[in-house]
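Q: What follows is a single structure, and I will ask about it in a moment.
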Amino acid sequence: MSELVLTLAAAQGRSTGTWHAVELHRSPSEVDGACEVAVCGALARVDLDQVWDGADEDSCESCADLVS
């Protein structure tokens, strides 16, 4: 039986600079820098060099609540 693995990436909102969580449904090598839809519905650019943890003061509270 296969196991579902949720992959979250950190993405920065363009207008506010807030960090959001984005569910990646494809391999990170296929992320091309275009805006992605965060779990809260905001548009943000994925930064594969950042790790989403939701604990930073500039993290989206809605994303943190939705993925916890």
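None of the figures in this text is laboratory data; all of them are computed from the coordinates on show. Values in this document were obtained by computation on a predicted structure and should not be read as measured data. Don't worry about glycine lacking a Cβ; one is built from the backbone with ideal geometry, like all the others, and counts go over all protein chains shown.
Q: Among the residues of the stretch 11-22, are any in contact with a strand residue (DSSP E or B) (Cβ under 6 Å, 6 or more places away or on another chain) and in a loop (DSSP other than H, G, I, E, B)? Before the answer, list the steps.
A: Residues of the stretch 11-22 that are in contact with a strand residue (DSSP E or B) (Cβ under 6 Å, 6 or more places away or on another chain), as a first pass: 11-13, 19-22.
With in a loop (DSSP other than H, G, I, E, B) added as a condition, the list becomes none.
Scanning the stretch 11-22, I find no residue that is in contact with a strand residue (DSSP E or B) (Cβ under 6 Å, 6 or more places away or on another chain) and in a loop (DSSP other than H, G, I, E, B), so the answer is no.
Q: Condition first: of a type in the set (Gly, Ala, Ser), on the phi > 0 side of the Ramachandran plot and surrounded by 10 or more Cβ atoms within 10 Å (Cβ to Cβ). Can you find one or more residues in the stretch 24-38 that meet it?
A: Restricting attention to the stretch 24-38, the residues satisfying the condition of being of a type in the set (Gly, Ala, Ser) are 27, 29, 33-34, 38.
Now drop any that are not on the phi > 0 side of the Ramachandran plot, which leaves 33.
Those left that are additionally surrounded by 10 or more Cβ atoms within 10 Å (Cβ to Cβ): none.
No, that holds for no residue.
Q: Something else about it: May I ask you to list the residues in the stretch 13-23 that are out of contact with any Cys (no Cβ under 6 Å at 6 or more places or on another chain) and crowded, with 17+ Cβ neighbours inside 10 Å? So that I can check it myself, show each step before the final result.
A: Restricting attention to the stretch 13-23, the residues satisfying the condition of being out of contact with any Cys (no Cβ under 6 Å at 6 or more places or on another chain) are 13-17, 19, 22-23.
Gly13, Trp19, Val22, listed by residue number.
Q: Here's another thing I want to ask about it. How many of the residues making up the stretch 46-68 are within 15 Å of Thr16 (Cα to Cα) and crowded, with 17+ Cβ neighbours inside 10 Å? Walk me through how you get there before you give the answer.
A: Narrowing the stretch 46-68 to residues within 15 Å of Thr16 (Cα to Cα): 46, 56-63.
Cutting the leftovers down to crowded, with 17+ Cβ neighbours inside 10 Å gives us 46, 59-60, 63.
Of the residues in that region, 4 qualify.
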